[in-house]
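Below is one structure; the comments refer to it alone.
The values are calculated or read from the model by the stated rules, or taken from the named source; none is laboratory data. Treat the numbers as computed from the prediction; the structure is a model and nothing was measured. In this analysis, Cβ positions are derived from the backbone assuming ideal geometry, glycine residues included, and neighbour counts consider all displayed protein chains. The area values use the complete protein model at the heavy-atom level, side chains included, leaving out ligands, DNA and RNA. Shrake-Rupley method; radii C 1.70, N 1.55, O 1.52, S 1.80 Å.
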Amino acid sequence: MTTDPVPASGTVHWIGAGLSTGSGLAALCDSAEHVRLWHRTESRAADALGRLGLAGRVEPRAYTLSALTAELAPGDVVVSMLPAPEHAPLLAECVRLGAHFACSSYVSEAVLEQVPAAEKAGVVVLTEAGLDPGIDHLFAHDLVARAREAIGDGTPASYALTSYCGGVPAEPNDFTYRFSWAPAGVLNALRSPARYIDDGAETVAERPWEATRRHVVDGETFEVYPNRDSVPFVAQYGLPDTWSPRTFVRGTLRLEGWLRAWDAVFEELRRGDDERIAELARELAARYPTTEDDRDRVVLAVSLDVRSEAGQSWSGGYLLDLVGDAGESAMARCVSRTLALGVRHVLDGSLPPGLNRAAETAARSQQWLSELARDGVEFTLRVDR
């Protein structure tokens, strides 16, 4: 028996105003009855709203978990832009009070453990609804659906699916990089092993940067490497059991020359000293600060190539290539507008209770992609038969 979702109240609580909070917050003002921005202090929240042109449209609040729960009502939607370890305690309060929860982060084990209780309570848990993860999921679901229609589910075939995303400087610098999230997070991600499928076999890169390859996107050469664990997404993307993977990798994209430019950083990472890595993160933040004049660029390239044993073939790919402007960064635009789109679907009651990773069906992915295009997130689709 499926529990009906708690009816949305029309109130959205957006927590955090960091680098990924952008025009999606403004978009929510058109669909929600009340929007509140929670930040470290009320004055910082007000300053952020001033920068976003939302003073008077969104209510500023000073965030603590207890302050939030004091204002939380059944059917409210909580949008967490906090670090991932803070999602689980926040979700626990949402489940207790009958409020829906949304974030752009990967699902953690601590969040996953609470999904049954959330589903029973009629609470929607929307996750992986940003850029990567988020838009990459939408692209992959749509490509898989198109290939299944062309090749057929029951036809034995092999495939290669690659999904690479990166935030890079619009004007290349000597470091070939622009920090769009905390340097400590960037460094620690590089220290985490990556599992993926290469040449038909599961492969683990203990040091992901050592698996870096050249990758040409729309005539431009980048450097890419695997990150996290790609293998579970084979099932998440609904690839037929009769198709076998030649390649399946979700990874990070960097400008050409990144591997060489970061050589000294990699030497530090090889030593693996936690204290030194934390110090290095602070040094890099100071050495390569992000200024108001900097413009970022986001590139997301997802491709699928399928070849059947009978000689049929299908290939296609999505490309998103956006540059930030004076109003907001490309990263903030992609993350916040995708997350806001998901929240709008929580508000309209179209998402079921329990866990939702962005749009988990081909039909819903196509709908969300159409809506994102209308919201100003531009991308192109290429199909070769």
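Every residue, every condition in (1) among the aromatic types (Phe, Trp, Tyr); (2) surrounded by 17 or more Cβ atoms within 10 Å (Cβ to Cβ); (3) free of Cβ contacts under 8 Å to residues at least 24 places away in the same chain, yes or no:
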residue	(1), (2), (3)
229	no, no, no
233	yes, yes, no
237	yes, yes, no
241	no, no, yes
244	no, no, no
253	no, yes, no
256	no, no, no
260	no, no, yes
266	yes, no, no
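Please go through region 24-55 and give me each residue that is of a type outside the set (A, V, I, L, M, F, W, C), out of contact with any Lys or Arg (no Cβ under 6 Å at 6 or more places or on another chain) and within 30 Å of residue 323 (Cβ to Cβ), ordered by number. Matches in region 24-55: 30, 39, 40, 44, 47, 50, 51, 53.
Restricting to region 5-20, and then to whatever is modelled with pLDDT of 85 or more and of a type outside the set (A, V, I, L, M), can you tell me which residue is most open to solvent (accessible area, probe 1.4 Å)? The qualifying residue most open to solvent (accessible area, probe 1.4 Å) is 7. Checked against the criterion of being open to solvent by less than 30 Å² (accessible area, probe 1.4 Å), part of a loop (DSSP other than H, G, I, E, B) and hydrophobic (A, V, I, L, M, F, W, C), region 345-354 contains one or more residues that satisfy it. Scanning region 45-67 for residues that are assigned to a helix (DSSP H, G or I) and among the polar types (S, T, N, Q) gives a single hit, 66. Annotation: residue 55 fulfils all but one of (1) at pLDDT below 95; (2) in contact with a strand residue (DSSP E or B) (Cβ under 7 Å, 6 or more places away or on another chain); the unmet one is (2). Here the condition is being open to solvent by 30 Å² or more (accessible area, probe 1.4 Å) and polar (S, T, N, Q); of 313, 308, it holds for 313 alone.
For region 247-269, state whether one or more residues are within 30 Å of residue 153 (Cβ to Cβ) and basic (Lys, Arg). Looking through region 247-269, at least one residue is within 30 Å of residue 153 (Cβ to Cβ) and basic (Lys, Arg). Whenever a residue of region 272-288 is hydroxyl-bearing (Ser, Thr, Tyr), its partners that are open to solvent by less than 80 Å² (accessible area, probe 1.4 Å) and not in a helix (DSSP H, G or I), lying with C-beta atoms within less than 7 angstrom and at least six residues away or across chains, give the pairs 288/175; 288/179.
Among the residues of region 68-85 satisfying the criterion of being assigned to a helix (DSSP H, G or I) and out of contact with any strand residue (DSSP E or B) (no Cβ under 7 Å at 6 or more places or on another chain), which is surrounded by the fewest Cβ atoms within 10 Å (Cβ to Cβ)? Per the stated criteria, the residue is 70.
Residues of region 91-137 being surrounded by fewer than 20 Cβ atoms within 10 Å (Cβ to Cβ), closer than 24 Å to residue 331 by Cβ and not polar (S, T, N, Q), which ones? Across region 91-137, the qualifying residues are 106, 107. For residue 144, the test of being assigned to a loop (DSSP other than H, G, I, E, B) and closer than 25 Å to residue 318 by Cβ is failed.
With the requirement that a residue be among the aliphatic types (A, V, I, L, M) and either within 17 Å of residue 287 (Cβ to Cβ) or in a loop (DSSP other than H, G, I, E, B) (or both), what does region 169-189 give you? Correct list: 170, 182, 184, 186, 187. Looking at residue 214, is it in contact (Cβ under 8 Å) with a residue 40 or more places away in the chain, exposed (fewer than 15 other Cβ atoms within 10 Å of the Cβ) and touching a strand residue (DSSP E or B) at 6+ places or on another chain (Cβ under 7 Å)? Answer is yes for this residue. Residue-level check: of (1) open to solvent by 10 Å² or more (accessible area, probe 1.4 Å); (2) touching a helix residue (DSSP H, G or I) at 6+ places or on another chain (Cβ under 8 Å), residue 329 misses just (2).
Evaluate region 114-122: report whether one residue or more is closer than 29 Å to residue 373 by Cα and either touching a residue at least 24 places away in the same chain (Cβ under 8 Å) or assigned to a helix (DSSP H, G or I) (or both). Spell out how you get there, then give the answer.
As a first pass, look at region 114-122 and keep what is closer than 29 Å to residue 373 by Cα: none.
No, because not a single residue in region 114-122 is closer than 29 Å to residue 373 by Cα and either touching a residue at least 24 places away in the same chain (Cβ under 8 Å) or assigned to a helix (DSSP H, G or I) (or both).
Within region 112-143, being of a type in the set (A, V, I, L, M), in contact with a strand residue (DSSP E or B) (Cβ under 8 Å, 6 or more places away or on another chain) and closer than 16 Å to residue 164 by Cα holds for 131, 135, 140, 143.
Any idea which of 36, 61, 44 is farther than 21 Å from residue 129 by Cβ and either open to solvent by less than 60 Å² (accessible area, probe 1.4 Å) or without any contact (Cβ under 8 Å) to a residue 12 or more places away in the chain (or both)?
61
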